[in-house]
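Contents: one structure, followed by commentary.
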Amino acid sequence: MAEWKKVAMAFALSDGRIDTKEVNILREQLFADGRIDRSELEFIAELRNRAESTVKAFDDLFIDTVKANILADGAISDAEVNWLRKHIFADGKVDDVEKRLMEELKSAAKSTVDSFTTLYNEVMK
């Protein structure tokens, strides 16, 4: 049996871009069970990195997916900060979507670790 991530990645990136129709399908399927697990989180992050272009709705989906996973318990842990750091700095630059993500995480988290504050300051400078 084919691995779902490889099949979904191939379909979503068949033309190199992620459009609104694809975003709607991804959102429906990813949030079908009301939660985002680590595998789904890794999938959406890889999809973002591999896409040649995306629509704004995909940026919103990316942020919603990350927030749903990281803030599932309301707190941001050191392990979650490490995941954020790895993905935000993967391409050596910080874009507006990543800044918006950090803003939204900061405002929605019930508690954070000191390493989140350090990362937040690095991203926002």
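Only the coordinates and a few stated rules stand behind these numbers; no lab work does. None of the values given here were measured: they were computed from a predicted structure. Don't worry about glycine lacking a Cβ; one is built from the backbone with ideal geometry, like all the others, and counts go over all protein chains shown.
Summary of values
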{"read-out": "Relative contact order of segment 4-124, pairs being alpha-carbon contacts under 8 Å that are 6 or more residues apart, as %", "value": "26"}
{"read-out": "P(r) tail fraction, segment 30-76 - alpha-carbon pairs more than 12 Å apart, %", "value": "62"}
{"read-out": "Rounded to 10°, Cα long-axis angle of helix 114-124 versus longest principal axis of the chain", "value": "70"}
{"read-out": "Nearest 10 degrees, 0 to 90: helix 38-50 Cα axis against the chain principal axis", "value": "70"}
{"read-out": "Peptide ranges 61-70, 106-115, 35-44 listed from the most packed, as the mean C-beta count within 10 angstrom indicates", "value": "61-70, 35-44, 106-115"}
{"read-out": "Acute angle (nearest 10 degrees) that the helix 56-70 long axis makes with the longest principal axis of the chain, alpha-carbon atoms", "value": "60"}
{"read-out": "Per residue Cα convex hull volume in Å³ - calculated over the chain", "value": "107"}
